[in-house]
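Peer 1: Dropping a structure here in structure tokens format, bear with me for questions.
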Amino acid sequence: MTTAVPLLKEREKQVYEKGKGQFDLQCDRKSVAGSVSQRACVFCGSRVVLYPVADALHLVHGSIGCASYTWDIRGSVSSGPELHRLCFSTDLREKDVIHGGEKKLMQALRELIPLHKPKAAFVYSTCIVGVIGDDVQAVCRKATEELGIPVIPVQSEGFNGTKKDGYRVACKALGTLVGTDGTTPVSEISINILGEFNLAGEAWIIEDYYRRMGVEVVSILTGDGRVDKIRKSHRAALNVVQCSGSLTYLAEEMKEKYAIPYIRVSYFGIEDVSKSLYDVAGFFEEKDPAVMERAVELVREEVVKLQAPMDRCRRRLSGKRAAIYVGGAFKAFSLIKILRTLGVDVVMVGSQTGNKQDYAQLADMCDPGTVIVDDSNPMEMSRFIIDKDVDLFIGGVKERPMAFKLGVGFCDHNHERKTALAGFEGTLNFAEEVCASALSPVWRFSPRRSQDRKGR
Ligand code: SF4
């Protein structure tokens, strides 16, 4: 691509500006050394997926730094137990590295399981465990026999790939629980919700929509997660998968093993939430046509409530320019649609883990001049924000300081937020947050913006 942004030579093919040359973006590759990628490690990816299982014990086998890195990283609110919010570590030291950490791991499990009485335990392998070669699987097998609950190894050595590989190993760990309760009865109009992590209560909003439609939610993987619900999840009629990257592996496995079909959905924005509910209703229409009738009624009720406040936000935001940088590209599709509804132009969009198909779809959706970027870094993104004169950045915790330093509004659409952004009410929360941040008078005092004004 031709741009004023100084790109590392090895990264040039991971950036594309729509309208400039043929689309051939490279992705799904390891981060370039020295690029300061915003991506996280395999271990972090596995924690993101498994952390919300609230009645499980989460034990990080490794040095203490890994545990602090992912301790209480997300909202992942629970309606009951909160054992997930305690993060345990075997705190491996120099001597353990020399003599091995297996005994310490077994000792930790013997101490923690009787004390906290979890329904299952996840044992995460980190980089150092991969280096010293502890047989974590053998320890977990022994602990399962001795302590009477499933003790599940999560092979998540940080260096062993990217965050996306962490999703895969987390799905493998969840897969060992799925199908272990074959007796609890489940309705034939039932689903599992996959890839929803209940960061700020979103899972409850969505579950309530399905309840109103007459669809039983057997389990949510993994928001407000419970081990017993995961164990019987293979009895649901349909898997409804949100978030392109993280739980698709499990959906694929369940399709193969238990013949459960799956559909991909998004719960962000009026258009996508409505479509998701209609798609699920459509799946059950033959068995029970009333599900579709209830879905139509629900969407009508909810959309009417949003009309006036959304119009107010649109009037205030019209003509603003936004940049988006998210983990999985699937979320970006919905964000572009919501921002369009609000009259906001998207001038940069990128993701940490998108694949070729995702980026092709983004290129299709975006307006000419939009920068599309894979696995970006702060230096590149800062330049894009300045060059494209962005008013609002939508990203995660690692992008927040960048936005504030550059004097642009910011909306956290990632792990750390405290306000639900999914569903119809979440769409309004998003619009109001975007308004409050992008239009805040504080940006008048940003040195960059003041300079811009002087230069005009
Ligand atoms: S697993 Fe490895 S890369 Fe991940 S936090 Fe621990 S030391 Fe760092």
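Peer 1: If you average the C-alpha positions of the stretch 142-210 and of the stretch 363-390 separately, how far apart do those two centres end up, in angstrom?
Peer 2: The two parts, judged by their Cα centres, are 34 Å apart.
Peer 1: Looking at the square roots a ≥ b ≥ c of the eigenvalues of the Cα gyration tensor of the stretch 19-96, which shape do they give, rounded for a/c under 1.5, prolate if a/b is larger than b/c, or oblate?
Peer 2: oblate
Peer 1: Estimate the FRET efficiency between Arg314 and Val32 by the formula 1/(1 + (r/R0)^6), using the beta-carbon distance for r and 45 Å for R0, to the nearest 0.05.
Peer 2: In this case the efficiency is close to 0.70.
Peer 1: Right, next: Could you tell me whether the stretch 275-323 comes out rounded, prolate or oblate from its Cα gyration tensor? Rule is a ≥ b ≥ c as square roots of the eigenvalues, rounded for a/c under 1.5, then prolate if a/b exceeds b/c, otherwise oblate.
Peer 2: oblate
Peer 1: Per residue and in cubic angstrom, what volume does the convex hull of the Cα atoms of the stretch 190-304 have?
Peer 2: 92
Peer 1: Now a separate question. From the phi angles alone, apply the Karplus equation (6.51, -1.76, 1.60; θ = phi - 60°) to the stretch 401-413 and give each ³J(HN,Hα) in whole Hz, x where the residue is Gly or Pro.
Peer 2: Couplings: x, 4, 4, 5, 5, 8, x, 10, x, 9, 10, 7, 10 Hz.
Peer 1: Restricting things to alpha carbons, tell me how big the chain is in terms of Rg and Dmax, in Å.
Peer 2: 22.8, 73
Peer 1: Ok, one more. For every helix of n ≥ 4 consecutive DSSP H residues, a contribution of -39,500 (n - 2.57) applies; sum these over the chain, divide by its total residues, and give [θ] at 222 nm rounded to the nearest 500 deg cm²/dmol.
Peer 2: -13500 deg cm²/dmol
Peer 1: I'd like the Karplus ³J(HN,Hα) series for the stretch 294-302: coefficients 6.51, -1.76, 1.60, θ = phi - 60°, whole numbers in Hz, and an x wherever there's a Gly or Pro.
Peer 2: Working through the residues one at a time gives 5, 5, 4, 4, 4, 4, 4, 4, 6 Hz.
Peer 1: Can you work out ³J(HN,Hα) from phi for every residue in the stretch 332-342, in order, using Karplus 6.51 cos²θ - 1.76 cosθ + 1.60 and θ = phi - 60°, giving whole Hz and x for Gly and Pro?
Peer 2: Values, residue by residue: 4, 4, 5, 5, 4, 5, 5, 5, 4, 4, 8 Hz.
Peer 1: Can you give the net charge of the other residues whose Cβ lies under 13 Å from the Cβ of Gln242, counting K and R as +1 and D and E as -1?
Peer 2: On the way: positive: Arg264, Lys275, Lys331; negative: Glu196, Glu202, Glu207, Asp272, Asp279.
Overall, the nearby charge balance is -2.
Peer 1: Can I ask one more? Which cross-chain or sequence-distant (5 or more) residues have an amide H under 5 Å from the amide H of Glu17, H modelled 1.01 Å from N in plane?
Peer 2: Amide H to amide H, under 5 Å and 5 or more residues apart or across chains, Glu17 pairs with Ile372.
Peer 1: Also, I was wondering about something else. Return the long-range amide H neighbours of Leu221 (sequence gap of 5 or more, or a different chain), with a cut-off of under 5 Å between placed amide H atoms.
Peer 2: Ile193, Leu194, Gly195, Glu196
Peer 1: By its C-alpha gyration tensor, with a ≥ b ≥ c as the square roots of the eigenvalues, how is the stretch 133-187 shaped: rounded for a/c under 1.5, else prolate for a/b larger than b/c, else oblate?
Peer 2: oblate
Peer 1: Only Cα pairs under 8 Å and at least 6 apart count here; give the relative contact order of the chain as a rounded whole percent.
Peer 2: Here the relative contact order equals 17 percent.
Peer 1: For a quick check: sort Arg312, Arg321, Arg47 by the number of other beta carbons within 10 angstrom, fewest at the front. Provide the component values of the computation, followed by the final result.
Peer 2: Values: Arg312 13, Arg321 18, Arg47 28.
Fewest to most other Cβ atoms nearby, the residues stand as Arg312, Arg321, Arg47.
Peer 1: Check Ala120: other-chain or 5+ apart residues with amide H under 5 Å from its amide H, H built from backbone geometry?
Peer 2: The list, which skips near neighbours in sequence, is Leu57.
Peer 1: Less than 13 Å Cβ to Cβ from Leu362, Lys/Arg counted +1 and Asp/Glu -1: what total charge do the surrounding residues give?
Peer 2: Local charge sum for Leu362: -1.
Peer 1: Which value, in debye to the nearest 20, gives the size of the charge dipole of the chain about its Cα centre, when Lys and Arg are +1 and Asp and Glu are -1 at the Cβ? Mind showing how you got there, number by number?
Peer 2: Values: 62 positive and 59 negative charges, 283 e Å.
Using Cβ point charges on Lys, Arg, Asp and Glu, the chain gives about 1360 debye.
Peer 1: If you don't mind, another one. Can you give me the distance in nm between label points at Asn160 and Lys287, each placed 7 Å from the Cα along the Cα-to-Cβ direction?
Peer 2: In this crude label model, Asn160 to Lys287 measures out at 3.7 nm.
Peer 1: Something else about it: Anything over 28 Å Cα to Cα? Flag those among Lys229/Lys337; Lys13/Lys337; Lys119/Lys172; Lys30/Lys320; Lys13/Lys163, in the order listed.
Peer 2: Lys229/Lys337; Lys30/Lys320
Taken together, the values in this text are just the output of simple stated rules run on the coordinates, not laboratory data. Remember, it's a predicted structure, so these values are computed and weren't measured experimentally. With ideal geometry, Cβ positions are generated from the backbone for all residues, glycine too; neighbour counts draw on all protein chains shown.
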